[in-house]
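Peer 1: Dropping a structure here in structure tokens format, bear with me for questions.
The values are calculated or read from the model by the stated rules, or taken from the named source; none is laboratory data. Only a predicted model underlies this, so the values are computations on that prediction, with no experimental measurement involved. With ideal geometry, Cβ positions are generated from the backbone for all residues, glycine too; neighbour counts draw on all protein chains shown. Quick note on the areas: whole protein, heavy atoms, side chains included, nothing else; ligands and nucleic acids left out. Shrake-Rupley method; radii C 1.70, N 1.55, O 1.52, S 1.80 Å.
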Amino acid sequence: MIRFILLQNRAGKTRLAKYYIPLDDSEKHSLEYEVHRLIATRDPKFTNFVEFKTNKVIYRRYAGLFFSMCVDVTDNELAYLESVHLFVEILDHYFSNVCELDLVFNFHKVYLLLDEFIMGGELQETSKKASLICKPAHEQRTLTSVIHRRRAACTDALCDIVQVVLERLAELDKIET
């Protein structure tokens, strides 16, 4: 089970934090500090897995951001490392070359994508082909047109999940305007 997910920049500023276990704010802050201190100082030659208290932290650095997941000791590290990469690819396709500012200014959309990808501390979908059916933002005319095109093409349950995400994002875009 995933305990928590953190997206932090090189300076240690947390850009996204999702906890699947109940913690106090002070505990969350100390965990974020400890995880950043642990992974930021590691040599890039080492593995992306590190023991942390009674769990494991799986992390990966993309440009200036660290994507970290804390999981049970008995869980498969490679599966979670691949899920980190898949989440980055989903963000990259949605935001069309994602950067840290996209995460800061569109945090509600990032949380929505994360909630559709991981629910209750468990992965919902690990298939790259099934998860990456969204076109990059510069190729989309409107979210509504994407929804209509995807409804015709979707046949499995994951497509239904992606449709829900796109509909929710369309609703958020309507609220913002």
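Peer 1: Can you say whether SER83 is more than 20 Å from LYS18 (Cβ to Cβ), in contact with a helix residue (DSSP H, G or I) (Cβ under 9 Å, 6 or more places away or on another chain) and in contact (Cβ under 8 Å) with a residue 12 or more places away in the chain, as far as the supplied structure shows?
Peer 2: Judged against the criteria, SER83 is not a match.
Peer 1: On to the next question. Of the conditions (1) touching a residue at least 40 places away in the same chain (Cβ under 8 Å); (2) closer than 15 Å to GLU122 by Cα; (3) part of a helix (DSSP H, G or I), VAL71 fails just one. Which one is it?
Peer 2: So VAL71 meets the others, but not (3).
Peer 1: A further question follows. Against the condition in contact (Cβ under 8 Å) with a residue 12 or more places away in the chain, closer than 19 Å to GLU77 by Cα and not hydrophobic (A, V, I, L, M, F, W, C), how does ARG60 come out, does it pass?
Peer 2: yes
Peer 1: Of everything in the stretch 1-56, what is surrounded by fewer than 16 Cβ atoms within 10 Å (Cβ to Cβ), of a type in the set (Lys, Arg) and touching a strand residue (DSSP E or B) at 6+ places or on another chain (Cβ under 8 Å)? Give them in sequence order.
Peer 2: ARG10, LYS28, ARG42
Peer 1: Could we say that GLU82 is surrounded by fewer than 20 Cβ atoms within 10 Å (Cβ to Cβ) and under 17 Å from PHE117 (Cα atoms) here?
Peer 2: Against the criterion (surrounded by fewer than 20 Cβ atoms within 10 Å (Cβ to Cβ) and under 17 Å from PHE117 (Cα atoms)), GLU82 qualifies.
Peer 1: Find the residue count for the stretch 85-107, including only residues that are hydroxyl-bearing (Ser, Thr, Tyr) and either open to solvent by less than 30 Å² (accessible area, probe 1.4 Å) or part of a helix (DSSP H, G or I) (or both).
Peer 2: 1
Peer 1: So which pairs qualify, if the first residue must be in the stretch 99-126 and under 17 Å from LEU81 (Cβ atoms), the second must be surrounded by fewer than 18 Cβ atoms within 10 Å (Cβ to Cβ) and at pLDDT below 85, the Cβ gap must be under 6 Å, and the two must be at least 6 apart or on different chains?
Peer 2: Note: pairs meeting the criteria are GLU125/LEU158.
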